[in-house]
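Read the structure below first, then the notes.
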Amino acid sequence: MKPARNVLLTGASSGIGAATAQHLSARGIAVYGTSRQPRAASPDEQGVRWLTLDVREDASVEQAVATMQRDAEVIDAVVCNAGMGIFGSVEETSIEAAREQFETNYFGVLRVLRAVLPAMRRQAYGRVILVGSLAGRAPIPFQSHYSSTKAAIDALALSLRNEVAPLGIAVSLVEPGNIDTPFNEAMNWLEGAESAYTDRIARCEAEIREQLPHAPGPAVVAQVIERALTQRRPRVRYAVGESSWLVPLGRRLLPDRVALELIRRTFGV
């Protein structure tokens with residue numbers, strides 16, 4: 001399978017996306033990075049061509065993909081990385097907030113895939129990288145909707161891989177664990193309302209805020225994404241981060257009751 005020469009990268013303006021844009025462009029891969037707001041390349045991003053793209057809007061996705069196709073002629077690869085998080089109990093999170101979570105993290109991915117797959121199918125090659133999370137396999141308390149979107153991305157990646165395998169298109173799922181990025185700063189913590197879960201929510205939030213600064217930075221994920229884009233036979237899954245071996249092993253070997261107890265202890269609830 002051909003290595004990627006040009007890549008459409010969503011959510012490229014911060015965190016894992018920004019690290020990936022810099023890492024890939026430094027290695028000679030043409031990166032078409034997307035952001036919801038128009039922007040120009042910084043000195044560290046001179047190899048990045050910026051496109052305005054909001055994964056929540058059909059027209060925005062279609063326009064950005066069409067612009068890249070005109071400029072690059074072909075789309076070798078797409079990295080679906082754009083995402084957001086909300087924090088709150090299942091009982092108290094509004095349907096509107098939960099829907100917003102899925103609109104970005106799941107339907108946003110679906111919009112991008114639907115826009116790029118026809119060209120990849122016609123050219124009979126391409127690479128698709130979906131950035132999921134180990135939270136899809138080990139759901140985080142009070143981040144049930146975020147975890148649910150990542151479980152959905154897991155299923156989407158595997159189903160899509162089966163659908164396009166005979167067409168020369170490889171699909172891989174990258175599953176970061178704890179990564180030190182500005183993700184927490186952008187998270188909707190759904191604070192302000194009185195909660196029936198106040199004490200446990202506070203302990204869980206404190207634990208999350210304590211853990212992330214000690215986690216590896218986003219460069220480790222960028223390196224794994226490069227591997228998935230350049231290996232002759234890309235793997236189905238690439239778990240990355242400090243929990244990259246523990247979560248998959250635990251989910252395979254432990255009964256659900258034990259696994260869930262360990263998750264509760266990890267997050268102080």
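The values are calculated or read from the model by the stated rules, or taken from the named source; none is laboratory data. Worth saying up front: this structure is predicted, and the values here are computed from it rather than measured. A quick note on method: Cβ atoms are made from the backbone with ideal geometry, for glycine too, and the neighbour counts reach across all protein chains shown.
Here Arg257 fulfils each of the conditions (1) loosely packed, with under 15 Cβ neighbours inside 10 Å; (2) over 27 Å from Arg200 (Cα atoms) apart from (2).
Tallying residues that are surrounded by fewer than 24 Cβ atoms within 10 Å (Cβ to Cβ) and either of a type in the set (Ser, Thr, Tyr) or not in a loop (DSSP other than H, G, I, E, B) (or both) within segment 1-17 yields 4. Residue selection: Leu262 fails the criterion of being in a helix (DSSP H, G or I), out of contact with any Phe, Trp or Tyr (no Cβ under 8 Å at 6 or more places or on another chain) and over 17 Å from Ile140 (Cβ atoms).
Just one of the listed residues (Ile129, Ile153, Ile169) is surrounded by 22 or more Cβ atoms within 10 Å (Cβ to Cβ), touching a Phe, Trp or Tyr at 6+ places or on another chain (Cβ under 8 Å) and under 22 Å from Arg5 (Cβ atoms), and it is Ile169. No other residue among Asp76, Asp58, Asp54 is on the phi < 0 side of the Ramachandran plot, among the acidic types (Asp, Glu) and modelled with pLDDT under 95 apart from Asp76.
Cβ-Cβ distances below 6 Å connect the following pairs, each with a first residue in segment 29-47 that is farther than 9 Å from Ala12 by Cβ, a second residue that is at pLDDT 90 or above, and a separation of six or more residues or different chains: Ile29/Val7; Ala30/Asn6; Arg36/Asp54; Pro38/Thr52; Arg39/Trp50; Ala41/Val48; Asp44/Gln22; Gly47/Ser25.
Among the numbered conditions (1) surrounded by fewer than 23 Cβ atoms within 10 Å (Cβ to Cβ); (2) farther than 27 Å from Ile263 by Cβ; (3) more than 15 Å from the chain's Cα centre (by Cα); (4) modelled with pLDDT of 95 or more, the only one that Arg99 does not meet is (2). Just one of the listed residues (Arg99, Arg111) is free of Cβ contacts under 8 Å to residues at least 24 places away in the same chain and either in contact with a helix residue (DSSP H, G or I) (Cβ under 6 Å, 6 or more places away or on another chain) or over 26 Å from Pro3 (Cβ atoms) (or both), namely Arg99. Which one is surrounded by the most Cβ atoms within 10 Å (Cβ to Cβ) among residues in segment 49-73 that are in contact with a helix residue (DSSP H, G or I) (Cβ under 6 Å, 6 or more places away or on another chain) and among the aliphatic types (A, V, I, L, M)? That would be Leu53. Cβ-Cβ contacts under 9 Å between residues 6 or more apart (or on different chains), taken from a first residue in segment 124-140 that is over 22 Å from Arg232 (Cβ atoms) and in contact (Cβ under 8 Å) with a residue 24 or more places away in the chain to a second residue that is basic (Lys, Arg) and crowded, with 21+ Cβ neighbours inside 10 Å, are listed as Gly132/Lys150; Ser133/Lys150; Leu134/Lys150; Gly136/Lys150; Arg137/Lys150; Pro139/Lys150.
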